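Please treat every number below as a calculation from the coordinates, not as lab data. Please read all numbers here as calculations on a predicted model, not as lab measurements. All Cβ positions, even for glycine, are placed from backbone atoms using ideal geometry, and neighbour counts span all protein chains on display.
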Amino acid sequence: MDSVSKRIVVLPGDGIGPEVCSEAVRVLKAVGDRFGHEFHFDYQLMGACAIDAVGTPLPDVTLEACRQADAVLLGAIGDPKYDNDPTAKVRPEQGLLGLRKSLGLYANIRPITAYDQLLEHSPLKVERIQGTDILIFRELTGGIYFGEKGRSEDRASAYDHCTYHRDEILRIAHLAFKAAETRRHKLTLVDKANVLETSRLWRETVQSIAPQYPSVALDYLFVDNAAMQIILNPRQFDVMLTENMFGDIISDEASVIAGSLGLLPSASIGDGSALFEPIHGSYPQAKGKGIANPIATILSAAMLLDHFGLIEEADCVRDAVQHALNEGVVTPELSPVVVHTTEQVGSFIAYAVLDIADCELHRNNIRLGMSTII
Ligand code: IPM
Ligand code: MN
């Protein structure tokens, strides 16, 4: 691949967001060095940190920078001081929802992989989860998240409307079918078509384009059953497609298969820019302690490279992550005995991107308590 020059907006956000973002940026810089690409990083505020600094979770300058960028890398947002206050008018989450909507990021793609080295870390039985490889397509800019919402005059009742238009379903369904064509040729639509009219529209619409993808076997599951099947027999799934709210729930559930929420990346794409972020939240209890797992954000950076068409580079990052897992260079939730910090895991992976052999030397340095070079 010829060398490229790209502008990446980084939104470190709140809690452990800045720590995990630093490591992903370190890895992207290593990719730039190794493959001769130029990545320009532009740091902007979003989330609780933006509320604290300028009074709004998604400042105009941040949105404008994201619009102009080739891609956006996000750490995490959220702060407990807003979670327990149902009357709070301004919330960090509004920043993320506003960004998704404004950038038109209608498809959220969440890969769920059971890593062989980590099977024992899942609370689920190894023989059930081994070999799991699911790609979840979650619709991200419609449904109940964005429908009309409100309260009655006496405030004693409330509503959230769930609406979908056929076109909103079509655009993500095509992406999901295309992904299934490059994988194991199976697509499962998750809905609640026995109860909800929006779900019946999803079924009808997805069914109507299925003939365009004759190599893909399409099946359907009600979301309650899907929630059970993900735990009982996750290997049965290849690509799963679902609406916003169901996707939010089943993707957190499926993350249990991977053994740590700290491993799971995601990409949110639309017709223009794209956003890459770990599935986990801001984990405020861990802030500043150096225990946050940076791998989910680093793998999100790999998805960002895929998005740029830098496939070899993205594979190199994924190989480097595998190498860290093989060597047990992982944060405490995965290895309480031999403890590595967020920064040590990130720099080990960055070294592995530059040169797997070289990172052996680096690992010895970590053992000896020496500081890292990158
Ligand atoms: C996610 C999160 C968000 C969502 C929150 C923070 C608004 O849970 O990305 O899954 O519900 O979409
Ligand atoms: Mn969620």
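Values computed for the structure shown
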{"read-out": "Percent RCO, i.e. relative contact order, over the stretch 5-57, from Cα pairs under 8 Å lying at least 6 residues apart", "value": "48 percent"}
{"read-out": "Dipole moment magnitude, nearest 20 debye, the chain about Cα centre, only Lys, Arg, Asp, Glu C-beta charged", "value": "340 debye"}
{"read-out": "Stokes-Einstein D for the chain, Kirkwood Rh over Cα pairs, 25 °C, 0.890 mPa s (µm²/s)", "value": "114 µm²/s"}
{"read-out": "Folded to 0 to 90 degrees: helix 223-232 orientation relative to the chain principal axis, Cα", "value": "30 degrees"}
{"read-out": "Partners for residue 149 among lysines (Cα-Cα distance below 22 Å; same-chain residues under 8 apart left out)", "value": "89, 101, 192"}
{"read-out": "All aspartates and glutamates inside 17 Å of residue 6 as judged from Cα atoms, apart from same-chain residues fewer than 8 positions distant", "value": "33, 38, 42, 64, 70, 306, 312, 313"}
{"read-out": "Farthest toward positive dipole pole in the stretch 150-299 [+1 Lys/Arg, -1 Asp/Glu at C-beta], among 161, 221, 299", "value": "299"}
{"read-out": "For residue 241, residues with placed amide H under 5 Å, excluding near neighbours", "value": "137, 188, 189, 190"}
{"read-out": "On Cα atoms only, tilt of 197-209 relative to the major axis of the chain in degrees", "value": "70 degrees"}
{"read-out": "Coarse-grained scattering of the stretch 172-311 at q = 0.13, 0.15 Å⁻¹, given as base-10 log I(q)/I(0) from a Debye sum over alpha-carbon atoms", "value": "-0.66, -0.87"}
{"read-out": "Calculated FRET value between residue 195 and residue 219, using beta carbons and R₀ = 30 Å, to 0.05", "value": "0.95"}
{"read-out": "Degrees between helix 311-326 axis and first principal axis of the chain (Cα, 0 to 90, nearest 10)", "value": "70 degrees"}
{"read-out": "Relative contact order for the chain, counting Cα pairs under 8 Å that sit 6 or more residues apart, in percent", "value": "22 percent"}
{"read-out": "Translational diffusion coefficient (Stokes-Einstein; Kirkwood radius from C-alpha pairs) of the stretch 114-187 at 10 °C, 1.306 mPa s, in µm²/s", "value": "99 µm²/s"}
{"read-out": "Residue-averaged 222 nm ellipticity for the chain, from DSSP H runs of 4+ at -39500 (n - 2.57), nearest 500", "value": "-13500 deg cm²/dmol"}
{"read-out": "Computed over the stretch 1-54, Kirkwood Rh from alpha-carbon pairs, angstrom", "value": "12.2 Å"}
{"read-out": "Placed amide H near residue 217: partners under 5 Å, 5+ positions off or other chain", "value": "186, 187"}
{"read-out": "Alpha-carbon centroid distance for the pair the stretch 94-152 / the stretch 18-74, whole angstrom", "value": "21 Å"}
{"read-out": "Percent RCO, i.e. relative contact order, over the stretch 195-283, from Cα pairs under 8 Å lying at least 6 residues apart", "value": "16 percent"}
{"read-out": "Sequence of 330, 126 once ranked by neighbouring C-beta atoms within 10 Å, starting from the fewest", "value": "126, 330"}
{"read-out": "Rounded if a/c under 1.5, otherwise prolate or oblate - the stretch 1-142, Cα gyration tensor axes", "value": "oblate"}
{"read-out": "Calculated diffusion of the stretch 229-308, Stokes-Einstein form, Kirkwood radius summed over Cα pairs, 25 °C and 0.890 mPa s, µm²/s", "value": "174 µm²/s"}
{"read-out": "Lysines whose Cα lies under 19 Å from that of residue 287, excluding same-chain neighbours fewer than 8 positions away", "value": "81"}
{"read-out": "Ranked list, fewest to most other Cβ atoms within 10 Å of each Cβ, for 58, 218", "value": "218, 58"}
{"read-out": "Residue exposure sequence - 342, 163, 141, 205 - by fewest surrounding Cβ within 10 Å", "value": "163, 205, 141, 342"}
